[in-house]
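The values are calculated or read from the model by the stated rules, or taken from the named source; none is laboratory data. Here the structure is a predicted model, which is why all the values come from computation and not from measurement. Here Cβ is always computed from backbone atoms with ideal geometry, including for glycine, and neighbour counts include all displayed protein chains. Surface accessibility is based on the protein's heavy atoms, side chains included, excluding ligands, DNA and RNA. Shrake-Rupley method; radii C 1.70, N 1.55, O 1.52, S 1.80 Å.
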Amino acid sequence: MSDPVASSLEALSNALRLAKDGDTSAAFDEVGTALRLQPDSTWLIIRASQLKLVLGDYVGAASLLDYPADRIGELEPQRERWRFRLLAKLWWLGEARSVCLRVLERPKNAAWHAELAEILTARRDYEGALEHVESLLQVADTAAVRLEAAMLAASVGRVEKGLEHVLLGLQREPSPSARLEAARRLVDLGDFEQARAQAEILVGLSEHEGEALALQGSLLLWSGESAAARRIALAGTERPADCAALHRLLAATALVEHDLDTAEKEASHAIELDADDAESHFVLGRTLLERGDARGALTHIDRGLMLEQGFSFGGRLLRLLASIQAGDQPVRLSGYVLGEVAHGLREIDPSAPAPGLGATAAETQTRLHDALSRLGGNLSSTPTFLESGSLRRLSTRTSPRHASRRALELIRVLPPDEVVARFDDVMAQFPESPLPICHRGELHLWLGDYSRAHADFDAALRIDDETRFAWIGLAAVALLEARPQEALEIAARGVRAMHDTEGPALFVYRGAAYRAVGDFDRAELDIERALELNPTRLAAHLERALLHAARNQNELLLDVFERIRVRAPAMVACAAAELGLDTSAGVTPEAARRVVDHCLVMLRGNRSSTCVTFFTAAGQLRAVAPYPSSASRLSEENPHILRDIERQLNDALARVGKSTTRPAD
C-alpha cells in the first residue's frame, strides 16, 4: 500500500486485533510500524499511547507524548487531555501538575484549574488547591465548586469564608446531593444546627437518606445521646440500600455502650462496604484495642491515618494509646510524642494538667482515655466535644507530626524546593518539636541528599534525643553511603536511646544493613518483621527479593518479583526500560534481580510504607500509587480505552475507504 495514512491505520488496526488476542509482542511491532509511517500525526500518537498503556508499556505510553511546543496543532487539546489523564493514572503527579500549569498559561483554559485542584486536594495541599478553586469560581460559579471551596476553606481554618461558600452553593443549587455535601461541610465548620436542618430535609429521599440519617445519628452520638443515635442507625439499616456510614454509626454507638461484639461486627461490615473510610478503621481499631489486641488495632488505626483527608484528633489519641499498649513506647514518654495530642487535650479540658515531659505511659493512658470519653465516640476528622452541654467543634486542626507529614508527602506533586520551603512554615509553627526538622531530614533521604539529611537528624536529636526516626535516619544515611556496619552500630545506639524499643521504620533499614554485611539470617528476621508490620512497605519487598537472590532461591525471587510488579508496575517498567530489559513476556531470575536492584537505586533513601517516590536516570521524580494492586487499578479502564481506540479507528478507516475493525469484546 503506497498511501502512508491508510497503511498506518491498517497497522494500528492489526495492533488492536493482536492486543485483544493477547499477542503483546506482535501488537508492539504493529504499533511501531504505524508510527514509522506517520511519525508526525498527533491523532496517531494519542491512539498509540493509549494502546501502549493497555499493553503495559507505561514508559513508552508517556514518552510518545513528549514533543516540542512547535508541534502543537489543532489536536493539541486532545493530546494534553490524554497526557494529563495518563500521568495521573500512573501517579506521576508532578508531571501531571506541570501539564496543567502549562495549559493554564494560555487563554481560555480556566477549566483546568479544576484538574489541578483535584490533584492538590487529594495530596492534601489544601492551600494550593483553594487558590485554584477560587480561580475556577471566576468561570464556573456552581454549587459543586462552592462546596469544594468550603471544604478547602475549612481545612485551612477559614471558617467564615467556608460558611459563606456553603450559603452561596445552596443558593446556586439546593439539590439533594448539594444539601448532603453542605451538611458535611457545616459539621466541619462547626454549625451543627444548620447541618441538622439540611440533613432533616434529606430524610425520605431514598438516594441520600442513609448518609443523611448517619449524619443526624452521629451528631446525636457526639452529643451524648447514644440511644437515640442507635435507633436512627437501626432504622436506617433496615432499608434496602446498604450504607457503610450507618453501619459505622452502629459500631461507634455499640463501642460507646461497651458492646464490643456488635462494634466489631458492624465496623468490619462498614469496611467491607467502603474500605477507604478512615473513620470505620478508627472505630474498628478502638474496638480491637478495647479487646486487648493492640497490634491489630494499630493496623486499622494506621490505615485510617493514611486515608484521612482532615485531622482526626481521636485517631491520634488512639494511635498513642495503641502504641503504648503494644510496647512501642518507653516507660517515660518523650516530649514530642506527647506534643502530638497536647494542644487538643488542653482545648478539651483546660483545667486538667496535660501529661508533661517524662510522664509515664500509665499516667498518659489515663489522660488519653478521659479525652476519648470527652469526644463522645467522635473519631471523625471533624472532632467535637461537649462544653457546658453544647457540642463544640475542636479548633485544633493539626499537630507537629500531622503538619510535617503533610508537608513531606507533597513531594508526590510539588517540586523538591517548594516542599523544602513548606517545612520552614511547619518548623515556625512548632519550634519546640523535633518532628518537622526530622521529617525534612527524611525528605532529604528520599531526594538522595544524605549530608543535609544527616544535618537535620542531628538537629532533631539536639531538640529531643529520644526522637526515634532521627536515630533511624542516621543509620539510614550510613547504609546509603555504603557503611553498613556503622549503620548497624547507630541503629543499636538508637534502640538503647529509646529504652530498648524498636519502631516499625527501623526494620527495613537494619535488615538491608544485615544483608549488606552478609548476615542473611538476621536480615531475614528484620525484613519479615518490616512486612508483618507494614505489608505496603515496598522497599521491604525489594529487600526480600534481593535476599532470595543472594541465597540462590530463584523460585522465591520470581514470586516476590511478581508481587512487586503488581504493587508498583510503573516503577518496575521504568527500571526495566533503563536497563534495556523486556519483561513483558516474563523474566529470568537474573533479570528479576537486576530490575529489583535498580528499583532500590531509583528509590534513593525512600523506604516509606505510605509515600513511595523514585527517580529516573534522567532525574525525574515520580511517585508509586499507594494501592496493594496498582496493576489492577491501571488496567480497570482498559476495556473502555480499547473501545475508544476502536471507535476512533473505525471513523478514520471509513474516511479513507477501508473496512472497520473487529468489535471489542
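A few notes on this one:
- Lone qualifier among S8, S25, S49 - being over 22 Å from D582 (Cα atoms) and either open to solvent by 10 Å² or more (accessible area, probe 1.4 Å) or not basic (K, R) (or both): S8
- A single member of A453, A487, A475 is within 25 Å of the chain's Cα centre (by Cα), part of a helix (DSSP H, G or I) and within 15 Å of G605 (Cα to Cα), and it is A453.
- Of the residues making up segment 11-22, just one is touching a residue at least 12 places away in the same chain (Cβ under 8 Å) and either loosely packed, with under 14 Cβ neighbours inside 10 Å or of a type in the set (S, T, Y) (or both), namely S13.
- Within segment 342-380, considering residues that are on the phi > 0 side of the Ramachandran plot and at pLDDT 85 or above, the one nearest to the chain's Cα centre (by Cα): G377
- Being touching a Gly at 6+ places or on another chain (Cβ under 6 Å) and either of a type in the set (S, T, N, Q) or at pLDDT 95 or above (or both) is a description that does not apply to L186.
- Of the candidates A371, A322, A362, the single residue that is part of a helix (DSSP H, G or I) and farther than 30 Å from R230 by Cα is A362.
- Tally of residues being open to solvent by 30 Å² or more (accessible area, probe 1.4 Å), modelled with pLDDT of 95 or more and on the phi < 0 side of the Ramachandran plot across segment 602-620: 3
- Selection within segment 395-437 - open to solvent by 40 Å² or more (accessible area, probe 1.4 Å), in a helix (DSSP H, G or I) and under 15 Å from R124 (Cα atoms): R401, R405, R406, E418, R422
- Selection status of A228, in a helix (DSSP H, G or I) and touching a helix residue (DSSP H, G or I) at 6+ places or on another chain (Cβ under 8 Å): yes
- For segment 330-353, residues that are closer than 22 Å to H499 by Cα and in a loop (DSSP other than H, G, I, E, B) total 4.
- Taking (1) of a type outside the set (A, V, I, L, M); (2) part of a loop (DSSP other than H, G, I, E, B); (3) surrounded by 15 or more Cβ atoms within 10 Å (Cβ to Cβ) in turn, R185 satisfies each apart from (2).
Rundown of residues vs (1) within 30 Å of A153 (Cα to Cα); (2) open to solvent by 30 Å² or more (accessible area, probe 1.4 Å), yes/no style:
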site: L307; (1), (2): yes, yes
site: F311; (1), (2): yes, no
site: S323; (1), (2): no, no
site: P330; (1), (2): no, no
site: L333; (1), (2): no, no
site: G339; (1), (2): yes, no
site: T366; (1), (2): no, yes
site: D370; (1), (2): no, yes
site: E387; (1), (2): yes, yes
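- Residues that are assigned to a helix (DSSP H, G or I), among the acidic types (D, E) and under 30 Å from R332 (Cα atoms) are absent from segment 542-561.
- Hits in segment 65-104 (condition: outside any helix (DSSP H, G or I), modelled with pLDDT under 95 and not small (G, A, S)): L65, D66, Y67, P68, I72, E74, L75
- Scan of segment 457-491 for residues that are basic (K, R) and in contact with a helix residue (DSSP H, G or I) (Cβ under 9 Å, 6 or more places away or on another chain), ordered by number: R468, R483
- Restricted to segment 122-173, the set of helices (runs of 4 or more DSSP H) holding at least 1 residues that are among the aliphatic types (A, V, I, L, M) and either closer than 21 Å to L307 by Cα or touching a His at 6+ places or on another chain (Cβ under 8 Å) (or both) comprises 126-136, 143-155.
- Single condition F457 does not satisfy, out of (1) among the hydrophobic types (A, V, I, L, M, F, W, C); (2) open to solvent by less than 10 Å² (accessible area, probe 1.4 Å); (3) in contact with a Lys or Arg (Cβ under 9 Å, 6 or more places away or on another chain): (3)
- Output for segment 593-641, where each listed residue is of a type in the set (G, A, S) and part of a helix (DSSP H, G or I): S630, A631, S632, S635
- Residues in segment 231-270 that are open to solvent by 60 Å² or more (accessible area, probe 1.4 Å) and not in a helix (DSSP H, G or I): E238, R239, P240, A241, D242, E257, H258, D259.
- Screening P107 on (1) over 23 Å from L642 (Cα atoms); (2) at pLDDT 95 or above; (3) open to solvent by 30 Å² or more (accessible area, probe 1.4 Å) shows it passes everything except condition (2).
- Looking only at residues in segment 523-540 that are among the charged types (D, E, K, R) and assigned to a helix (DSSP H, G or I), the one that is nearest to K89 (Cα to Cα) is E532.
- Residue within segment 541-560 that is among the β-branched types (V, I, T), closer than 25 Å to L90 by Cα and without any contact (Cβ under 8 Å) to a residue 60 or more places away in the chain present: yes
- For L556, the stated conditions hold: it is touching a helix residue (DSSP H, G or I) at 6+ places or on another chain (Cβ under 8 Å), surrounded by fewer than 22 Cβ atoms within 10 Å (Cβ to Cβ) and either under 30 Å from A62 (Cβ atoms) or not small (G, A, S) (or both).
- Once segment 200-227 is narrowed to residues that are touching a residue at least 24 places away in the same chain (Cβ under 8 Å) and charged (D, E, K, R), the residue that is least open to solvent (accessible area, probe 1.4 Å) is E209.
- Looking across A497, A482, A470, one residue alone is farther than 26 Å from E432 by Cβ and free of Cβ contacts under 8 Å to residues at least 40 places away in the same chain. It is A482.
- Hey, A492 assigned to a helix (DSSP H, G or I), free of Cβ contacts under 8 Å to residues at least 60 places away in the same chain and open to solvent by 20 Å² or more (accessible area, probe 1.4 Å) or not: yes
- Among the residues listed as R319, R303, R295, the single one being open to solvent by 10 Å² or more (accessible area, probe 1.4 Å) and under 15 Å from H369 (Cα atoms): R319
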